[in-house]
Every structure is written in structure tokens, then in C-alpha cells.
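Data first, discussion second: the structure below is written as C-alpha cells.
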Amino acid sequence: MSNVRVRFAPSPTGAPHVGSLRTALFDWLWARHTGGKFILRVEDTDQKREVENGLELIMDSLRFLGLDWDEGPDVGGAYGPYVQSQRLPIYQTHAKILLDHGAAYPCYCTPERLEQMRRDQHARGEPTRYDRRCRDYSAQERAAHERAGEARVIRLAVPREGKTTLHDFVHGDLTIANKDVDDQVLLKSDGFPTYHLAVVVDDHLMQISHVMRADEWIPSFPKHVLLFQAFGWDVPLHGHVPDVLGADKKKLSKRHGATSVLQYRDEGYLPDALVNFLARLGWSYDDKTEIFSRAELVEKFSLDKIEHAGAVFDAAKLDWLNGYYIRQLSDDALAAQVLPYFARAFAQPDPAILREAVPFIKDRIKKFSEAVSLFDFLFLDEVKYDPQLLIGKGLDAASARAALVAAHGTLEKFSAFNDEEKMEADLRAAADGLQIKYALFFGALRVAVTGKTVSPPLAPSMRLLGREQVLKRVARAINFLDNR
Ligand code: GLU
Ligand code: ZN
């Protein structure tokens, strides 16, 4: 049995960002690759930043991507609870252990004093950090502060001397001087732990073997390693994974467009496409392979191929991949996927018509939502006409009208619209009769039937729309030209 245990530890602050889910995917892939466990832990100790359905949004995003977890708030597990706000006594007990060993100390400094201290340090051009005033209090001094009932936090007593080496399997080793590390707060005056205490205690108690998290946590890493050491615990393996960047090489944010996986789901991206895409943000197998099924990713994923430079989120590549995965779907599956988009746009779209229509758009759409604008004419009662489109570039109003009248006359003779070849041949003959080029003739008819100059192939579109609707629309288009 593998003893790999990795965790995804988001804070419930909203729909998780694609960058955060990319890290979750790396965790999941490593767990599945090694036969280890993937754990979901909610880091909700900063309750100001929390949103109400935050956990649901996290779980929905993971479920949509198919990243199943072995332990977590909903499924439980041997190391719970998996929600940090339910673990407060655990953090308090652990802060006490450090206090009792002299590895931590109470600090009674007021926010005003700390603010003044920072301002002074800043003015002197020094790094801003706690000046350790409360660290060397005698037992009597401490007792006096306690008697006065002053609010206190617990700080880590970072060794004043020596060096600590941080191992990072993405970035390599880094050695830091302990004197440069702040005496961080572990427990706040309200009894809540800081992120630093909670993450170290939980990663230890939950027996996490590998910590993967965003680059932005690198500055906190020395604090965590010193804290593991203060407890006398082994430090799990850590790897800080690259940021996901926008095309401008700045950290991906709302300004670059959609950043939540749920938005991508709603626009009609497939989980397999997103998983394939996200896996390649900061990881590569070789210098050429782009398409990886989920099973291939699980098989091939390895920590040594995580890159350290930021990974650019290329929306065009995501579209390309999604198009690829859409083409792998059966027509039945594609029809089922696009149906909800039509159901949102139209009262009662006929699934049978949609099922017949999808083969014509399979190669064209990059996401399911795009299907609606290609096929809206099948479900609209009436299409809207733009005179410029109806007349077209190479025709005038009179010749466009003549073309539509001839098309109407030709189509009317068909009692059903199922012989596409014959309909096309007869329409061509009608164009010949008027000496109008096919492209122009069919162009006018296409606009009359669909309202657009670009549509799926015309004959099948007319078959799907049916005789009555087509004739009605062509007649309306003629009328429209007459009454412009
Ligand atoms: N709660 C932190 C976050 O959401 C977790 C960082 C970590 O994985 O340690 O970024
Ligand atoms: Zn203090």
C-alpha cells in the first residue's frame, strides 16, 4: 500500500480559481498515480473572507472535473474533522505544547504598538517584523500582564541562530538564516489559529506526505519548516507549483476573463478537456504531447516534470482541446450535452431535431454554448431579417426577390423535404433559369430560411426545419423585401 497522502486545502472564499484547481489536479494525479490518498481539507479559519456556499462551490468544481477525494468534510475519514474551524481545540492544545516547551511565547503587544513599530522599522529601512519585546519577559513580568487581563497572541520563538534548509521538489533547496525569520503569530487573541499553525498541525496530524501549493506561499515556507521543527516533527515533502498567468504574463485574474471552472462548465467545456488543459499548465510529459486522456495523465504524471516558471493560460488552446474532445463524443452524447443550452434559450426544443442536427456542427463548435447560435433558427418561430444580408453582396433587391420567388415555387412542389439531392438540383435549375450564380441564389435562400449568411448546410437545415416552416419563411422574406 502506498503511503502517499496529498491534500487540497482551499479556503472557502468563492468559486475556486482555475489556478487553484490546477494544483488540486496535480494532487489528485499524484495520489492516483501512486495509489495514495487525496484529501480535501477546508481552511476556513479566516472567517472574514468566507462566503456562504464556499464549500459547495469547491466540491462542485472538483466533482465537475472528476477529482474525487478519499477523505473530506462530506465523506469523513480517519483524520477528521476536515474543516479547520471544527479543529480549534486541536490548535489550541498544540500551541500550548509549544508554550510549555518554551518554543512559543505569549505576546501582549497592542495593535497600536505593533503598527508604530512597523512604521519605525520602515522609516529606518529595516524589514518589518516583530521586535520580540515580549519574548524575554521574566515569569513575573508575564504574570503581571496576565493579571491585567491583557489580550495576547502566541508567537513562535524562532531560533536566533543557525540556518535552516528548505527542500522544495520543484524549486530545489534553499538555505535561510533563522535570524531572518519573523516570530510569527500562531494563535490569535480570539483563540483562532493563524494559517501557519493550522496548516502545519494538520499536515502533520493528517500524515500528509507531499504538500503542493501555489508559489505565493514560498515566503511562508521557512515559517512552516521552523514550526515543524519546533514540534519535533518530520517535514513533509513540499513543492511550490507555478502560478497560472494571463497572456500578459501577469497572474491570472478576473480581468483576463473567466477564472472559475464552474464558468467554464456553464459555457460548455468538457471536464476531460479542462483536465487535459490544466495538467499542462506547469507540467509536461515531453516537448510535443498535448492530448492526454485522464488515464494517461494518471499513468504519466510525475513530480519531477513540474515546471517552475509561470504557466500561461492560453484560452485558444483550451478551445482547441475542447473541440477535440467534443469530436470524440457520439452524436447522442453531443445532443444530450447541448440540449440544456437550447432548453434555456427556447421554450421546448425538440430533442429529436437536435439529435439530427448535431452531426452538422460537431466539427465547428468549440464549446456547447456555441451550438445555440448555429441552430437557433431551428427553434425560432420567426427569424429576423437584415435587408443587407437578405439582398446580399452580388444582388439587388429585385434579383434577390426573384431568387426567393423562384426558390419558393421550386420548394412548394415537394410534398416532403426528405430528398435533399433533388431539392438542391431543382433549386440549381431555378437559379440557372434566372441566370443568377448559385452562391448568390443559395445565399439569399439561406438568409431567408436561417436569418444568417453562415449556417450548417442548407438542404439538411431545410429538411430539419420542415416544409411548412421553410415555405412560410421564404414567403415572409419576400414580403419583407416588398415592404422595406
Ligand atoms: N488555504 C490555503 C489557500 O487556499 C492553502 C495553501 C496550502 O495548500 O497550504 O491558498
Ligand atoms: Zn509583544
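Read-outs: derived from the displayed coordinates by stated rules, not from any lab. Source: prediction; values computed, not measured. Heads up, the Cβs are rebuilt from the backbone with ideal geometry, glycines too, and the neighbour counts pull from every protein chain shown.
Normalised by the number of residues in the chain, what is the relative contact order in percent for Cα pairs under 8 Å and 6+ residues apart?
12
Which residues' amide hydrogens lie under 5 Å from the amide hydrogen of Lys367, considering only partners 5 or more residues apart or on another chain, with H built in the peptide plane?
none
Hey, got the dipole for the range 1-139? About the Cα centre, +1 on K and R Cβ, -1 on D and E Cβ, debye to the nearest 20?
500
If you take every DSSP beta bridge fully contained in the chain, what fraction is antiparallel? Give it as a percent rounded to 5.
DSSP beta bridges in the chain are roughly 50 percent antiparallel.
For the range 182-261, which chymotrypsin sites (Phe, Trp or Tyr not before Pro) are both in a DSSP coil and crowded by at most 14 other Cβ atoms within 10 Å?
The qualifying sites are Trp233.
Please give the charge dipole size of the range 194-333, origin at the Cα centre, charges +1 on K and R Cβ atoms and -1 on D and E Cβ atoms. Round to the nearest 20 debye.
Its charge dipole is roughly 420 debye.
How many angstrom lie between the C-alpha centres of the range 300-339 and the range 44-92?
Spelled out, the Cα-based centre of one part sits 27 Å from the other.
Restricting things to Cα coordinates, could you compute the convex hull volume per residue of the range 115-268 in Å³?
With only Cα atoms used, the range 115-268 gives 204 Å³ per residue.
So which cysteines of the chain have no other cysteine's Cβ under 4.7 Å from theirs?
If one checks each Cβ against the other cysteines of the chain, Cys109 turn up with nothing under 4.7 Å.
In µm²/s, what is D for the range 430-476 at 25 °C and 0.890 mPa s, where D = kT/(6 pi eta Rh) by Stokes-Einstein and Rh is the Kirkwood radius from Cα pairs?
The diffusion coefficient I find is 223 µm²/s.
Pick out, from Ser20, Ala425, Tyr438, the residue whose Cα sits farthest towards the positive end of the charge dipole of the chain, with +1 on the Cβ of Lys and Arg and -1 on the Cβ of Asp and Glu.
Farthest along the dipole direction, towards plus: Tyr438.
What's the exposure ranking of Met59, Met117, going from fewest to most Cβ atoms within 10 Å?
Met117, Met59
Calculate the FRET efficiency for Asp190 and Arg142 from the Cβ-Cβ distance with a Förster distance of 25 Å, rounded to the nearest 0.05.
Using R0 = 25 Å, I get an efficiency of 0.80.
Take the chain, mark every one of the GluC sites (Glu not before Pro) that falls in a DSSP loop and has at most 14 other Cβ within 10 Å, then report the longest stretch left between them, sites excluded.
Maximal segment without exposed cleavage sites: 162-289.
Per residue, what volume in Å³ does the convex hull of the Cα atoms of the range 287-430 enclose?
212
State the dimensionless ratio Rg/Rh of the chain (Rg: radius of gyration of Cα atoms; Rh: Kirkwood radius).
On the Cα set of the chain, Rg over Rh gives 1.18.
From the convex hull of the Cα coordinates of the range 197-281, what is the mean projected area in square nanometres?
7.3
Show the residues, 5+ positions off or on another chain, whose built amide H is closer than 5 Å to the amide H of Val42.
Val83, Gln84
With only alpha-carbon pairs counted, each pair once and no self-pairs, how large is the Kirkwood hydrodynamic radius of the range 131-188 in angstroms?
So the Kirkwood estimate lands at 13.8 Å.
Using the Kirkwood radius over C-alpha pairs as Rh, can you work out the diffusion coefficient of the range 76-150 via Stokes-Einstein at 4 °C, viscosity 1.567 mPa s, in µm² per second?
Answer, rounded: 85 µm²/s.
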